[in-house]
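Working notes for the structure below.
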Amino acid sequence: MASQTKMWFTADTHFGHVNIVRYCGRPFNTIEQHDRTLIDNWNARVAPGDVVYHLGDFGLPQGFDDGYGYLCSVKARLNGQVHLVLGNHDKLVEKVGPLFNMFVTIHNVNTCRVSDTGASDGKRQYIFMSHYAHRTWKKSGHSSWNLYGHSHGNLADIPYLLQMDVGVDCCGFAPISYDEVKTFMAAKVPSPVDHHGRRGDEH
């Protein structure tokens, strides 16, 4: 019996970015160790046919003779069908045709609807994905989720907003599954902020 396709989310892998280890205090001695660990952690969770949404800052090669070629080799080693939401460090990714074409889709923001009888409407979970956290987003008043990266765990979680930092600094340096995100959101008591009125009055 074939295994069921799973959905995963991640951000801020910063492959090849030598300074990220120091900037974020990541527990690695070299960028080679950093990248090798993130690749191994990714493939230990994600199967080749799974869907992965990467919410920005895939990589920024430093100190490599062929930095773009290095990022292409990293992407080729990662399991899953990867959709990229562009981060502030992904401008270089856009310029390299072979790397650009290794992603299923590339967007500035992205959305998806996941069939889930446990969703608030009993049918689908709507997810709004961006590199940056939002205070309001499409359908935020109707139990949609905002998944984001960029902040490297430094942005305080707001318990009344259905949002989550899915960057590797927050998720054990590995992608996080849809079910794990769902469990995180279930612990919240949503009361969305919206320009139409007071907190909790969105319509």
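The values are calculated or read from the model by the stated rules, or taken from the named source; none is laboratory data. As the structure is a computational prediction, the values presented were derived from the model and not from experiment. Counting neighbours? That spans all protein chains shown, and the Cβs are built from the backbone with ideal geometry, glycine included.
On the stretch given as the range 145-163, residues that are without any contact (Cβ under 8 Å) to a residue 60 or more places away in the chain, within 20 Å of D116 (Cβ to Cβ) and within 16 Å of the chain's Cα centre (by Cα) total 4.
Select, from H131, H107, the only residue that is closer than 23 Å to K91 by Cβ, within 13 Å of the chain's Cα centre (by Cα) and touching a residue at least 40 places away in the same chain (Cβ under 8 Å). That would be H131, the only listed residue that is closer than 23 Å to K91 by Cβ, within 13 Å of the chain's Cα centre (by Cα) and touching a residue at least 40 places away in the same chain (Cβ under 8 Å).
The set of residues in the range 112-168 that are in contact with a helix residue (DSSP H, G or I) (Cβ under 6 Å, 6 or more places away or on another chain) and assigned to a loop (DSSP other than H, G, I, E, B) comprises H152, L162. Touching a helix residue (DSSP H, G or I) at 6+ places or on another chain (Cβ under 9 Å) and among the β-branched types (V, I, T): which single residue out of V109, V181, V193, V189 fits that description? Result of the check over V109, V181, V193, V189: V193. Filtering the range 6-22 to residues that are in contact (Cβ under 8 Å) with a residue 24 or more places away in the chain and either charged (D, E, K, R) or loosely packed, with under 12 Cβ neighbours inside 10 Å (or both) leaves K6, D12. Residues of the range 49-69 that are more than 13 Å from F15 (Cα to Cα) and over 18 Å from the mean Cα position of the chain (by Cα): D65, D66.
In the range 1-15, the qualifying residues are those that are in a loop (DSSP other than H, G, I, E, B) and at pLDDT 95 or above, and the one that is nearest to D65 (Cα to Cα) is H14. Figure legend. Inter-residue proximity from the range 26-43: first residues under 18 Å from G67 (Cα atoms), second residues surrounded by fewer than 17 Cβ atoms within 10 Å (Cβ to Cβ) and of a type in the set (S, T, N, Q), beta-carbon distance below 8 Å, spacing 6+ or different chains. Indicated pairs: I31/Q62.
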